[in-house]
């Protein structure tokens, strides 16, 4: 790796430049038609793939069209059970249903039926931590108060040695220090797309990665080490 790129800040900007040129339109993969649906989809995406969420939300959003519909769904054990059944396949469905329905009531009662526009207010909602708040604020209002750190961003930040912190919150703080503010929002989706398509957790393809020349972890996975050993034996 180029010695000039040993500094995390320099490497982060180089990574951003390479990925942005290759994928200039990287964006959220969840489907939604308004800010409330966005928040629901993001809550459902916790420990679940966006693909699965996108399979679940069309019938969900067809049945529950307004915020008021979600508030009404919390009225009885029967209506709650119906809601839980519709999101069952996203996993942790009871907790997600509880958080979504409780958040609907909070937004109706405290925020006039509108999704809050600040990080502090977003964090008062049930089932909403900084990752969810960052995703919703950025996509709903173009308000960027941080960097959304999902499983892909968490994993790739470590592999790229941009942060070795053990928690999403600390990784977010590290990334915010080494990236200019105007790159925060896009950086999340650039890393997510790379993590899904190339640098997957189960089968990282360093041989196909556009960052291989500047990644400190490139070709250090067992699958590549086995290949190198075979070559060296010849």
Residues that are over 22 Å from the mean Cα position of the chain (by Cα), buried (at least 16 other Cβ atoms within 10 Å of the Cβ) and over 19 Å from residue 122 (Cα atoms), drawn from segment 36-91: 64, 73, 74, 80, 83, 84, 86
Members of segment 186-211 found to be surrounded by 21 or more Cβ atoms within 10 Å (Cβ to Cβ), without any contact (Cβ under 8 Å) to a residue 60 or more places away in the chain, in contact with a helix residue (DSSP H, G or I) (Cβ under 7 Å, 6 or more places away or on another chain) and more than 17 Å from residue 14 (Cβ to Cβ), listed by number: 188
Residues that are more than 22 Å from the chain's Cα centre (by Cα) and in a loop (DSSP other than H, G, I, E, B), drawn from segment 204-216: 212, 213, 214, 216
Matching residues in segment 102-122 - criterion: being free of Cβ contacts under 8 Å to residues at least 12 places away in the same chain and either in contact with a helix residue (DSSP H, G or I) (Cβ under 6 Å, 6 or more places away or on another chain) or in a helix (DSSP H, G or I) (or both): 109, 116, 120, 121
Residue match in segment 73-83 (condition: assigned by TED's automatic domain parsing to the domain that holds residue 125, assigned to a loop (DSSP other than H, G, I, E, B) and within 24 Å of residue 199 (Cβ to Cβ)): no
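The values are calculated or read from the model by the stated rules, or taken from the named source; none is laboratory data. Everything numeric in this text was worked out from a predicted model, so none of it was measured. Here Cβ is always computed from backbone atoms with ideal geometry, including for glycine, and neighbour counts include all displayed protein chains.
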